[in-house]
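Q: Let me begin by handing over the structure; questions about it come next.
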Amino acid sequence: MSADGARGVCGPAALRAKGYDNMTYPMALIDLANPSRFLGLAERALPWLAGATALVFAVGLYLVWFVAPDDYQQGATVKIMFVHVPAAWLGMFAWALMSVAALGTLVWRHPLADVAARAAAPIGASFTFLCLVTGALWGRPMWGAYWVWDARLTSMLVLLLMYFGILALWHAFDDPARAGRLVAVLTLVGAINLPIIKFSVDWWNTLHQPASVFRLGGPTIAPSLLWPLIAMALAFTLLFATVQIAAMRNEILRRRVRSLRIRAAQAAQEA
Amino acid sequence: MSLGPHAGFILGAYAVAAAVILGLVVWVVADHRAQRRTLAELDARGVRRRSAPEKGPETP
């Protein structure tokens, strides 16, 4: 079902004709699922999101570079953690988001689901790449090696390769709806890697340290290092939200361009 | 502020982070401009969405 086709069946006008009031909660959700409505909301939200991202990054970087102390074992290299850890979280979060969107594509045929998945894939790949590179730059001085075939590192590398596979698949099909369904199935299969990444440090004897923030019994990091980490994680999350919404807006416009070109070609053939 | 003997690794990590973030921002901005430009070109050729509002007369 195309995004515009969905609007005809359950769009605002059709639902108002069925007696739904504009202020009811279900109506608000359905309005948000409408690509045109989403574009309007994105235009209004993006300047605020971009401003909040810049502000929280400024606060986070100030805490990292001027407030956070050196670690008693790692020294100043602990500063790499403030970039590495949020990048790792968001690399995994993007795949989780794509998995929810995959359900939206396959089960509910939500008009924005595969738009959201397609937008999230390159962003998730970027954060996963950043996580691996910053991890290597931390590993060389701390472990004496840029890379070890440790379960955590290897499962993160597998995540990056899966992102590349998904991106290649999106580009292999002309029809985004067909590609979206196939990508959705592969995304759900690939989601099995997320618990493997998370629990790899518990299931196997790894060089990578175990969880020190999200764990039973609370974080084991000193508050003087934890607060800058939280600020940087919030900044990276706001950045993710900003880029994700902007990329979804672009994807909707790209599909409009595609459908207009098809219509123009059909009109030229008929003439 | 002293970054100790591993300053190159620390600064390198932040440089890569800055490059990735900048790359993402440039990508979404450039892509948005490209899609808008293509839509404007199609509109100028008279190719419009069925639900697009009709263009009214020019107002002063």
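Q: May I ask you to list the residues in the range B:5-17 that are at pLDDT below 90 and either surrounded by 13 or more Cβ atoms within 10 Å (Cβ to Cβ) or among the acidic types (Asp, Glu) (or both)?
A: B:His6
Q: Residue by residue through the range A:66-83, note down the ones that are touching a helix residue (DSSP H, G or I) at 6+ places or on another chain (Cβ under 9 Å) and either among the charged types (D, E, K, R) or more than 7 Å from chain B (Cβ to nearest Cβ) (or both).
A: At the first step, the residues of the range A:66-83 found to be touching a helix residue (DSSP H, G or I) at 6+ places or on another chain (Cβ under 9 Å) are A:67-71, A:73-83.
If the condition is that a residue be touching a helix residue (DSSP H, G or I) at 6+ places or on another chain (Cβ under 9 Å) and either among the charged types (D, E, K, R) or more than 7 Å from chain B (Cβ to nearest Cβ) (or both), then A:Val67, A:Ala68, A:Pro69, A:Asp70, A:Asp71, A:Gln73, A:Gln74, A:Val78, A:Lys79, A:Met81, A:Phe82 are the ones that fit.
Q: Another question, then. Would you be able to tell me the number of residues in the range A:31-52 that are farther than 25 Å from A:Leu234 by Cα and among the acidic types (Asp, Glu)?
A: 1
Q: For the range A:199-212, indicate whether the set of residues that are under 26 Å from A:Ala119 (Cα atoms) and buried (at least 17 other Cβ atoms within 10 Å of the Cβ) is non-empty. Let's see the steps before the verdict.
A: To start, the set of residues in the range A:199-212 that are under 26 Å from A:Ala119 (Cα atoms) comprises none.
No, the range A:199-212 contains no residue that is under 26 Å from A:Ala119 (Cα atoms) and buried (at least 17 other Cβ atoms within 10 Å of the Cβ).
Q: Further question on the same structure: With the condition kept exactly as written, say whether any residue in the range A:171-188 is under 23 Å from B:Val20 (Cβ atoms), out of contact with any His (no Cβ under 6 Å at 6 or more places or on another chain) and surrounded by fewer than 20 Cβ atoms within 10 Å (Cβ to Cβ).
A: yes
Q: Do you know which of the residues in the range A:62-82 that are free of Cβ contacts under 8 Å to residues at least 24 places away in the same chain and not polar (S, T, N, Q) is surrounded by the most Cβ atoms within 10 Å (Cβ to Cβ)?
A: Once the filter is applied, the top-ranked residue is A:Lys79.
Q: How about the range A:54-103: which of its residues are of a type in the set (Phe, Trp, Tyr) and either assigned to a helix (DSSP H, G or I) or at pLDDT 95 or above (or both)?
A: Across the range A:54-103, the qualifying residues are A:Phe57, A:Tyr62, A:Trp65, A:Phe66, A:Phe82, A:Trp89, A:Phe93, A:Trp95.
Q: Continuing with this model, one more query. If I go through the range A:185-215 residue by residue, how many of them are of a type in the set (A, V, I, L, M), closer than 10 Å to A:Ala151 by Cα and part of a helix (DSSP H, G or I)?
A: Summing the residues that are of a type in the set (A, V, I, L, M), closer than 10 Å to A:Ala151 by Cα and part of a helix (DSSP H, G or I) in the range A:185-215 gives 3.
Q: Another one. Considering each of A:Leu182, A:Leu153, A:Leu137, A:Leu159 in turn, give the residue that is in a helix (DSSP H, G or I) and either under 17 Å from the mean Cα position of the chain (by Cα) or polar (S, T, N, Q) (or both).
A: Details: A:Leu182 fails: either under 17 Å from the mean Cα position of the chain (by Cα) or polar (S, T, N, Q) (or both); A:Leu153 fails: either under 17 Å from the mean Cα position of the chain (by Cα) or polar (S, T, N, Q) (or both); A:Leu137 fails: either under 17 Å from the mean Cα position of the chain (by Cα) or polar (S, T, N, Q) (or both).
Only one candidate qualifies: A:Leu159.
Q: Please verify whether A:Leu225 is touching a strand residue (DSSP E or B) at 6+ places or on another chain (Cβ under 9 Å), modelled with pLDDT under 95 and assigned to a helix (DSSP H, G or I), treating the condition exactly as stated.
A: Details: touching a strand residue (DSSP E or B) at 6+ places or on another chain (Cβ under 9 Å): yes; modelled with pLDDT under 95: yes; assigned to a helix (DSSP H, G or I): yes.
Yes, satisfied.
Q: What is the residue count in the range A:99-115 for residues that are crowded, with 21+ Cβ neighbours inside 10 Å and either polar (S, T, N, Q) or under 21 Å from A:Ala235 (Cα atoms) (or both)?
A: Counting residues in the range A:99-115 that are crowded, with 21+ Cβ neighbours inside 10 Å and either polar (S, T, N, Q) or under 21 Å from A:Ala235 (Cα atoms) (or both) gives 1.
Q: Could you go through the range A:244-266 and let me know if any residue there is within 14 Å of another protein chain (Cβ to nearest Cβ), of a type in the set (S, T, N, Q) and exposed (fewer than 12 other Cβ atoms within 10 Å of the Cβ). Even if it seems obvious, please write down each step before you answer.
A: First pass over the range A:244-266, keeping only residues within 14 Å of another protein chain (Cβ to nearest Cβ): A:244-266.
Among the residues that remain, those that are also of a type in the set (S, T, N, Q) are: A:244, A:250, A:259, A:266.
When the remaining residues are screened for being exposed (fewer than 12 other Cβ atoms within 10 Å of the Cβ), the result is A:266.
The answer is yes; a qualifying residue exists.
The values are calculated or read from the model by the stated rules, or taken from the named source; none is laboratory data. Just so it is clear, the structure is predicted and the values come from calculations on it, not from any experiment. Counting neighbours? That spans all protein chains shown, and the Cβs are built from the backbone with ideal geometry, glycine included.
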